Amino acid sequence: MTDRRGRPPHDDQLTPAEWRVVEFVRHGLTNKRIATQLGVSVDAVKFHVANALSKLGLDDKRALRGWDGVSKASALHGKERMMSGLALGPIGQIARTVKDIRSAEAFYKETLRLPHLFTFGNLSFFDCNGVRLFLSQGDGDDAASILYFRVDDIHGAHEELKARGVKFTDAPHMIHKHADGTEEWMNFFEDDESRPLAIMAQVKK
């Protein structure tokens, strides 16, 4: 009888654990913040990052942040990309940093009575009549607000805007997967004054 030990092989470039870490790297999080979000040690995060870099033939985290890969488990995998005709959709989300996410969440939910969509770690989301308000715990600097434009094809939009000379700070990446399987994808770029903007898409199977 063969003794099968260890984890089974994965039919993908990266393991599920590596994909989770890579998505956070592409979102710009530090190893410490990734460890906190995933509930693992910083050493475990470093281990997954090193494995991903080795498998993908990349030099460092900066290269990994710009890597445009898609997990086979994602709803985006295998979908045809838009070749031209980009039209930025309506503003889908506005981000604001707050000093205390629990206090802010209570204020927007109980005082302003905005419909609460979901909370993920130190991130909280509300609906403002179709525009999503995204609160994240940070230094509370209002200058950090970001406008997110909805697009149908986030990878196609990335390629077309990049061809127009837009400077991106990362590759399209999934930041959250809802219980019904809907995926939240984002991609950040800079305006003419180096202030952050983003494109976003919701993807379903």
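The values are calculated or read from the model by the stated rules, or taken from the named source; none is laboratory data. If you're wondering where the values come from, they're calculated on a predicted model, not measured in any experiment. Here the Cβ positions follow ideal geometry from the backbone for every residue, glycine too, while neighbour counts run over all protein chains shown.
Annotation note: Cβ proximity below 7 Å between a residue of the stretch 98-118 that is touching a residue at least 60 places away in the same chain (Cβ under 8 Å) and a residue that is assigned to a strand (DSSP E or B) (sequence gap 6+ or interchain) occurs for F118/F125.
Count of the stretch 36-72 residues, restricted to those that are loosely packed, with under 12 Cβ neighbours inside 10 Å and in contact (Cβ under 8 Å) with a residue 12 or more places away in the chain, is 0. Does the stretch 56-69 contain any residue that is touching a strand residue (DSSP E or B) at 6+ places or on another chain (Cβ under 8 Å) and either modelled with pLDDT of 85 or more or assigned to a loop (DSSP other than H, G, I, E, B) (or both)? Checking the stretch 56-69: at least one residue is touching a strand residue (DSSP E or B) at 6+ places or on another chain (Cβ under 8 Å) and either modelled with pLDDT of 85 or more or assigned to a loop (DSSP other than H, G, I, E, B) (or both).
Taking the stretch 85-118 as the range and being surrounded by 14 or more Cβ atoms within 10 Å (Cβ to Cβ) and touching a helix residue (DSSP H, G or I) at 6+ places or on another chain (Cβ under 8 Å) as the test, the residues that pass are L86, A95, R96, T97, V98, L114, H116.
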